[in-house]
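Peer 1: Next up is a structure, given as structure tokens.
The values are calculated or read from the model by the stated rules, or taken from the named source; none is laboratory data. Remember, it's a predicted structure, so these values are computed and weren't measured experimentally. In this analysis, Cβ positions are derived from the backbone assuming ideal geometry, glycine residues included, and neighbour counts consider all displayed protein chains.
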């Protein structure tokens with residue numbers, strides 16, 4: 001389904017790329033003011049974009065929101081925007097360089113006017129960037145909405161979002177391109193790599209890196225799965241013979257993370273995000289405080305004391321997290337009471353049904369864990385929002401830390417208790433298997449099938465209206481139908497939950513798979529189905545997200561590395577507890593503990609030395625980046641020609657020189 005071009009009120013034809021939906025009760029003067037700012041020239045403080053109001057729906061009803069607008073831009077505006085955001089594209093010599101309009105003909109895929117040079121995802125990202133950089137000038141409030149105050153230099157779009165005037169901003173799908181991607185991605189079962197370049201082209205680098213990590217993690221599990229199957233089949237009754245597998249775990253969990261950093265750097269370099277400079281972060285839409293001046297930008301904006309934020313973190317959020325951990329511990333003890341009751345029933349009268357009863361407590365506990373994780377997630381989001389972090393990155397880091405601590409404790413505390421307090425390897429194997437299988441089934445149901453079912457129910461009424469107006473011969477849906485269908489779709493909230501699931505699976509495998517070698521096999525099967533379910537929900541369930549020009553997996557790399565450190569300690573402790581090792585230290589348990597701690601410290605030291613010796617970026621990429629930096633310095637020197645009195649003339653540039661305040665902020 002191809003979208004026809006829309007026509008701006010000034011007569012300019014453009015391809016709709018981004019949708020703005022304002023609240024239905026938005027005042028007319030506010031709409032007129034916003035559209036004028038979007039259309040105005042850049043030198044006047046506008047975004048210089050094309051925007052048009054969406055026409056009435058398939059059946060014009062009062063229930064339909066009339067305040068839906070589609071936004072696009074001319075190709076010249078998009079190319080200048082690509083330079084503004086620092087977009088990297090492939091140069092004629094094969095290197096990745098920052099795009100400039102003056103040098104555009106030296107880029108590999110630039111032909112003619114460059115109307116196919118930028119992907120649709122890049123165009124939508126540029127438009128989102130230009131909308132976000134719309135600044136208030138001398139307005140004191142949004143016209144018609146006196147409660148929505150504005151400050152000079154304040155982001156207009158973020159202010160409208162925080163006040164509920166702007167409901168949502170989202171990019172439109174390109175149906176034909178999405179259809180091709182869906183076919184190569186999940187509509188046919190195949191034993192091959194994922195189309196990462198196509199995913200990056202359509203969804204951006206952040207999404208492509210997640211699916212790249214999911215694919216890499218799956219392949220990295222293959223050696224452990226291949227070793228685990230015969231290990232399990234031939235030694236399934238000997239729960240204590242796990243020393244060799246634990247030793248393999250120690251090496252595996254370290255090596256795969258170091259190799260991934262190199263793979264991630266190669267992908268990021270190939271996509272042009274490795275050397276891309278991070279943009280200056282603006283305040284979050286939900287950030288609030290007392291009006292003041294930002295010492296870095298000099299703009300008037302809300303300020304919030306850091307001391308007050310720290311008090312909220314340490315006096316409210318931290319005690320709440322500790323209380324949740326205590327409740328999790330209490331639920332765990334109830335699970336052990338149930339487990340003891342089931343085992344006593346089975347011991348008194350061992351039958352087929354009592355054998356099944358042994359797994360019931362673990363299944364119930366696995367379901368309770370998922371419910372507790374879900375409830376805690378909402379509480380953590382509320383607390384993190386209440387802490388009032390200024391930047392989105394700080395907000396995300398605090399949220400990730402809260403969620404990881406609780407999920408780790410909630411999911412693994414019972415396994416640690418069974419392994420090191422009860423020292424019951426048979427029960428540990430049974431609990432690990434039940435937790436893994438149950439959590440995977442629940443996750444697939446909650447992540448893909450339930451949202452898809454709900455989305456189909458929401459779209460039924462709209463599709464009936466569409467079928468009334470569109471004949472079977474007409475293969476194209478009107479633009480208004482597509483926009484309203486996508487506006488009603490669920491909003492994709494990012495890769496947070498996806499990475500969290502992989503983090504927990506990595507923990508199950510790296511910590512205790514030596515006791516249950518089939519854990520790696522189960523995770524491989526889960527990851528294969530996860531690829532298809534995640535691809536399905538991205539293409540069919542959620543709105544298209546704006547691309548995220550990421551260079552790595554961010555804070556999750558640190559989370560996985562922290563888990564690998566815990567895995568070293570855990571596996572060394574399990575090795576020290578094994579009967580084979582205890583037999584060598586039958587006379588002195590203290591000596592066994594000392595040797596275990598010494599070996600564990602040695603392995604941790606080896607792990608950190610290995611991470612230091614293996615460079616995160618491959619050598620050829622380091623050389624390419626250094627060459628580009630050298631060429632940039634040489635080009636800058638050539639621009640500085642000798643002037644009167646031996647002085648150098650200032651290089652010609654369209655960018656204004658920084659003021660003294662900006663110089664001070666850069667030096668700081």
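Peer 1: Looking at the structure I just gave you, is residue 337 assigned by TED's automatic domain parsing to the domain that holds residue 495, under 24 Å from residue 505 (Cβ atoms) and loosely packed, with under 15 Cβ neighbours inside 10 Å? Walk me through it before giving the result.
Peer 2: On the way: assigned by TED's automatic domain parsing to the domain that holds residue 495: yes; under 24 Å from residue 505 (Cβ atoms): no; loosely packed, with under 15 Cβ neighbours inside 10 Å: yes.
Answer is no for this residue.
Peer 1: Within the stretch 106-139, restricting attention to residues that are farther than 16 Å from residue 45 by Cβ and modelled with pLDDT under 85, which residue is surrounded by the most Cβ atoms within 10 Å (Cβ to Cβ)? Steps first, please.
Peer 2: Taking the stretch 106-139 first, the residues farther than 16 Å from residue 45 by Cβ are 106-128.
Narrowing the set further to residues that are modelled with pLDDT under 85 leaves 109, 111-116.
On the way: 109: 11, 111: 11, 112: 8, 113: 11, 114: 19, 115: 11, 116: 11.
Filtering first and then ranking leaves 114.
Peer 1: Restricted to the stretch 165-183, and to residues that are in contact (Cβ under 8 Å) with a residue 24 or more places away in the chain and surrounded by fewer than 15 Cβ atoms within 10 Å (Cβ to Cβ), which residue is nearest to residue 71 (Cα to Cα)? Walk me through how you get there before you give the answer.
Peer 2: So the first thing to find is which residues in the stretch 165-183 are in contact (Cβ under 8 Å) with a residue 24 or more places away in the chain, and the list is 165-178, 181-182.
When the remaining residues are screened for being surrounded by fewer than 15 Cβ atoms within 10 Å (Cβ to Cβ), the result is 168, 175-176.
Details: 168: 13, 175: 18, 176: 20 Å.
Selected residue: 168.
Peer 1: Residue check, residue 394 against (1) within 16 Å of the chain's Cα centre (by Cα); (2) surrounded by fewer than 19 Cβ atoms within 10 Å (Cβ to Cβ); (3) touching a residue at least 60 places away in the same chain (Cβ under 8 Å), all met but one. Which one?
Peer 2: If we test residue 394 against (1) within 16 Å of the chain's Cα centre (by Cα); (2) surrounded by fewer than 19 Cβ atoms within 10 Å (Cβ to Cβ); (3) touching a residue at least 60 places away in the same chain (Cβ under 8 Å), just (3) comes out false.
Peer 1: Moving to a separate point now. What do you reckon, is residue 547 in contact (Cβ under 8 Å) with a residue 12 or more places away in the chain, in contact with a helix residue (DSSP H, G or I) (Cβ under 8 Å, 6 or more places away or on another chain) and more than 30 Å from residue 20 (Cα to Cα)?
Peer 2: On the way: in contact (Cβ under 8 Å) with a residue 12 or more places away in the chain: yes; in contact with a helix residue (DSSP H, G or I) (Cβ under 8 Å, 6 or more places away or on another chain): yes; more than 30 Å from residue 20 (Cα to Cα): no.
The answer is no for residue 547.
Residues are listed down the side, and each one gets a yes or a no for (1) more than 22 Å from residue 421 (Cα to Cα); (2) surrounded by 14 or more Cβ atoms within 10 Å (Cβ to Cβ); (3) modelled with pLDDT of 85 or more; (4) in contact with a strand residue (DSSP E or B) (Cβ under 8 Å, 6 or more places away or on another chain):
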site	(1), (2), (3), (4)
580	no, no, no, no
593	no, no, yes, no
627	yes, no, no, no
636	yes, no, no, no
652	yes, no, no, no
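Peer 1: With (1) under 26 Å from residue 84 (Cβ atoms); (2) in a loop (DSSP other than H, G, I, E, B) as the list, and residue 164 as the residue in question, which single condition is left unmet?
Peer 2: With (1) under 26 Å from residue 84 (Cβ atoms); (2) in a loop (DSSP other than H, G, I, E, B) applied to residue 164, the lone miss is (1).
Peer 1: Select from the stretch 266-276 the residues that are surrounded by fewer than 20 Cβ atoms within 10 Å (Cβ to Cβ) and assigned to a helix (DSSP H, G or I) and write down the one among them that is modelled with the highest pLDDT.
Peer 2: Quick first cut of the stretch 266-276, residues surrounded by fewer than 20 Cβ atoms within 10 Å (Cβ to Cβ) only: 266, 270, 275-276.
Next, only the ones that are assigned to a helix (DSSP H, G or I) stay: 266, 270.
Numbers: 266: 91, 270: 88.
Only one residue fits best here, namely 266.
Peer 1: Could you tell me which numbered condition residue 438 fails, if it satisfies all but one of (1) assigned to a helix (DSSP H, G or I); (2) surrounded by fewer than 19 Cβ atoms within 10 Å (Cβ to Cβ)?
Peer 2: It fails just one condition, (2).
Peer 1: Can you name every residue in the stretch 456-490 that is loosely packed, with under 14 Cβ neighbours inside 10 Å and modelled with pLDDT of 85 or more?
Peer 2: Across the stretch 456-490, there are no qualifying residues.
Peer 1: Would you call residue 46 at pLDDT 80 or above and either within 32 Å of the chain's Cα centre (by Cα) or surrounded by fewer than 14 Cβ atoms within 10 Å (Cβ to Cβ) (or both)? Give the steps one after another, and end with the answer.
Peer 2: Values: at pLDDT 80 or above: yes; either within 32 Å of the chain's Cα centre (by Cα) or surrounded by fewer than 14 Cβ atoms within 10 Å (Cβ to Cβ) (or both): yes.
Answer is yes for this residue.
Yes/no matrix, rows are residues, columns are (1) surrounded by 18 or more Cβ atoms within 10 Å (Cβ to Cβ); (2) under 21 Å from the mean Cα position of the chain (by Cα):
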| residue | (1), (2) |
| --- | --- |
| 153 | no, no |
| 159 | yes, no |
| 163 | no, no |
| 185 | yes, yes |
| 197 | no, yes |
| 200 | yes, yes |
| 212 | yes, yes |
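Peer 1: Just for the stretch 365-378: of the residues that are buried (at least 16 other Cβ atoms within 10 Å of the Cβ) and free of Cβ contacts under 8 Å to residues at least 60 places away in the same chain, which one is nearest to residue 435 (Cα to Cα)?
Peer 2: Applying the filter and picking the extreme gives 368.
Peer 1: Limited to the stretch 231-259, what total is found for residues that are modelled with pLDDT of 75 or more and either part of a loop (DSSP other than H, G, I, E, B) or outside the structural domain of residue 516 (by TED's automatic domain parsing) (or both)?
Peer 2: Filtering the stretch 231-259 for residues modelled with pLDDT of 75 or more gives 231-233, 242-259.
This time we only want the ones that are either part of a loop (DSSP other than H, G, I, E, B) or outside the structural domain of residue 516 (by TED's automatic domain parsing) (or both), so: 242.
Matching residues across the stretch 231-259 total 1.
Peer 1: Could I ask something else about it? Which condition number does residue 206 fail, the rest of (1) under 16 Å from the mean Cα position of the chain (by Cα); (2) closer than 25 Å to residue 132 by Cβ; (3) surrounded by fewer than 20 Cβ atoms within 10 Å (Cβ to Cβ) being met?
Peer 2: Result: residue 206 passes all but (3).
Peer 1: In addition: Looking only at the stretch 480-497, how many residues end up being touching a residue at least 40 places away in the same chain (Cβ under 8 Å) and part of a helix (DSSP H, G or I)?
Peer 2: So in the stretch 480-497, the residues touching a residue at least 40 places away in the same chain (Cβ under 8 Å) come out as 480-484, 486-487, 489-492, 494-497.
If we keep only those that are part of a helix (DSSP H, G or I) too, we end up with 480-484, 486-487, 496-497.
Selection size over the stretch 480-497: 9.
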